[in-house]
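> One structure, as structure tokens, below. Some questions next.
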Amino acid sequence: MDKLKHPLLLVDLVNAAAAWILHALGRPVADPTAIVPDYLVMCGVLVLILLAIGLAVRSQLSVDDPGKLQLVLEDLVTFVRGMLQEDIGPTGPRYITIVASIGAFVWVGNLMGLVPGLMPPTMNINVTLGLALTAWAYYHVQGLKAQGVVAYLKHFAAPPGIPAFLAPIMLPIEIISHLSRVLSLSIRLFGNVFGEKLVVLILASIVPFIVPLPIMALGLVIGTLQAFIFMKLTMIYLSAAVAVEEHH
């Protein structure tokens, strides 16, 4: 597996800069090439990409003559708002900030592997686990805010439609179910992105240039689909957390 990995110039430059700074502070490190993990460097690049896009759109916002990028982003926002309203109801659009941010992070992160010199940070389990924990914690917090502590915790022991005498059985089942969502979200995203990248690296090591291209094109589709699935599951979990009574 290690033989399939290739050094990234950007990661090397970041670690060289970090090593120089630590040395200047009188804290040299034993291995100056492994100060900042590659996935953290790629996450930093991803954030800068999203920030640059946001600033570019903000500087050219126009009601009378919107640019092409603004129109595309407006359509995407409308699409996400529509899904939130469909899944959660009239209050759904209030959650668009976190849901759309997660979707954008996953989508851009998945596609970074198609750019020479970069790697998709979502092929690292630490990143996908962080995303899954963010979504998991967010929908629980929103559920507590929407229903109150007692009503929300009661839902774990006695979901609507379940007799109260089954509470001792339902409580551990519900807890395991919610904890498994973190595993499901993180492993699904990690497995798909890592698997696609691994296939490309294997084919490129055997027959470079032409043969890996179809797999890379498929990676564009898979990366987009995985971002949509991650965002959609976040919406579904939010819906169950903040609108339990409406759905039952």
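Readers should treat all values here as calculations from the given coordinates under stated rules, not as data from a laboratory. This structure is a prediction, so every number in the text was calculated from the model and none was measured. A quick note on method: Cβ atoms are made from the backbone with ideal geometry, for glycine too, and the neighbour counts reach across all protein chains shown.
> If you build the Cα gyration tensor of segment 59-103 and take the root of 5 times each eigenvalue, what three semi-axes come out, in whole angstrom, biggest first? Please list the in-between numbers first.
Values: eigenvalues 108, 23, 15 Å².
After scaling each eigenvalue by five and taking roots: 23, 11, 9 Å.
> Given Cβ point charges of +1 (Lys, Arg) and -1 (Asp, Glu) and nothing else, what value in debye, to the nearest 20, does the dipole of segment 88-247 about its Cα centre take? Could the numbers behind the result be given before it?
Numbers: 7 positive and 4 negative charges, 24 e Å.
Magnitude of the dipole: close to 120 debye.
> Pop a pseudo-label 7 angstrom from the Cα along the beta-carbon direction at both Ile53 and Leu233 and give the gap in nm to one decimal.
Inter-label distance under the simple model: 2.1 nm.
> Which of the helices in the chain, when you take each full DSSP H run, stretch at least 24 Å along the axis at their Cα atoms and have an average Kyte-Doolittle score of -1.0 or higher? Could the numbers behind the result be given before it?
On the way: long enough: 38-59 (31 Å, 2.08); 68-87 (29 Å, 0.29); 125-147 (33 Å, 0.52); 167-206 (57 Å, 1.38); 212-242 (44 Å, 1.70).
Both cut-offs are met by 38-59, 68-87, 125-147, 167-206, 212-242.
> Okay, next question. Considering only Val108, Leu118, Val150, whose Cα is most displaced toward the positive end of the charge dipole of the chain, charges sitting on Cβ of Lys, Arg (+1) and Asp, Glu (-1)?
Result: Val150, furthest along the dipole toward the positive end.
> How high is the FRET efficiency between Leu71 and Val199 when r is their beta carbon distance and R₀ equals 41 Å, given to the nearest 0.05? Write down the numbers at each step before the final one.
Numbers: r = 35 Å, r/R0 = 0.86.
Computed FRET efficiency for Leu71 and Val199: 0.70.
> Evaluate the distance, in nm, between pseudo-label points positioned 7 Å from the Cα of Ser62 and of Arg81 along their respective Cα→Cβ axes.
My value for the distance between the label points is 2.1 nm.
> So what are the radius of gyration and Dmax for the Cα set of the chain, in Å?
Cα radius of gyration and Dmax of the chain are 21.7, 66 Å respectively.
> Going by how many other beta carbons lie within 10 Å of each one, how would you line up Trp20, Trp107, fewest first? Could you put the intermediate results ahead of the total?
Values: Trp20 11, Trp107 20.
Ordered from fewest to most neighbouring Cβ atoms within 10 Å, Trp20, Trp107 come out as Trp20, Trp107.
> So what's the net charge close to Ala19: Lys and Arg +1, Asp and Glu -1, counting the other residues with Cβ under 14 Å from its Cβ?
Value of the local net charge: -1.
> Further question: Rank the residues Leu225, Leu40 as a footprinting-exposure proxy: fewest other Cβ atoms within 10 Å of their Cβ go first.
Details: Leu225 13, Leu40 16.
Least to most surrounded, the residues fall as Leu225, Leu40.
> Sum up the lysine pairs in the chain that clear both bars: alpha-carbon distance under 28 Å and a spacing of 8 or more or different chains. Mind dumping the intermediate values first?
On the way: Lys3/Lys197; Lys5/Lys197; Lys68/Lys232; Lys145/Lys154; Lys145/Lys232; Lys154/Lys232; Lys197/Lys232.
So the count of such lysine pairs works out to 7.
> Further, regarding this structure: Got a sec? How would Ser62, Ser239, Ser101 order by Cβ neighbour count within 10 Å, fewest to most? Numbers along the way, then the final one.
Values: Ser62 8, Ser239 20, Ser101 13.
Ascending Cβ contact count within 10 Å gives the list Ser62, Ser101, Ser239.
> Multiplying the sequence separation of Ser101 and Ala16 by 0.36 nm and subtracting their Cα-Cα distance, what value in nm do you get?
Here the segment from Ser101 to Ala16 would lengthen by 27.5 nm.
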